[in-house]
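Undergrad: Please read through the structure below; I'll follow up with questions.
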Amino acid sequence: MSRAFLRYAGLAMVGTSIVLSSAANPQTPPGPTNQNEPRFLVYFDEFSAFLTNEAKTIIGEAAKRARETGAHRIVIQARASATGTSETNKYLAQTRSSIVADQLEADGLARAMIQQEPIGQTGSSDPTVTNRRVDIILEP
């Protein structure tokens, strides 16, 4: 197995245990309010790269919209809150980006259309949900 896969699997196990031990009410704001915007937001629990059913629905809507509009490129910008080290948050953003890209591909989009931009740590030490997200941007 590749080293990257083993790192991913380790983070996935840690993330799963955090998700399972967290409160039952995740902080998940609604998706985009203006359906004409070519941007879809996927939110995550703190230190998690786990896709909820709601997140999978949003990603599926992005894939559907990309097909309907004939988008030529999908940009995935992944962020993490400033809780933890910047190195850990960069890795978490990369993992979130990969998870969303994998789901877009599973939803029928060509991998060649998808460009990942893991941004990493954003915001302050406030671990608000707005900093724990992936933006899916559809480009013509």
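Every number here is computed from the coordinates shown, using simple stated rules; none is lab data. Remember, predicted model here, so these are calculated numbers, not experimental data. All Cβ positions, even for glycine, are placed from backbone atoms using ideal geometry, and neighbour counts span all protein chains on display.
Undergrad: Once phi is turned into θ = phi - 60°, what whole-Hz ³J(HN,Hα) does the Karplus curve with 6.51, -1.76 and 1.60 give for every residue of the stretch 75-91, x standing for Gly and Pro?
TA: Per-residue couplings from phi come out as 9, 10, 10, 10, 10, 9, 6, 7, 6, x, 7, 5, 5, 4, 5, 5, 5 Hz.
Undergrad: Another one. So how do Ser98, Ser48 line up by other beta-carbon neighbours within 10 Å, fewest first?
TA: Ser98, Ser48
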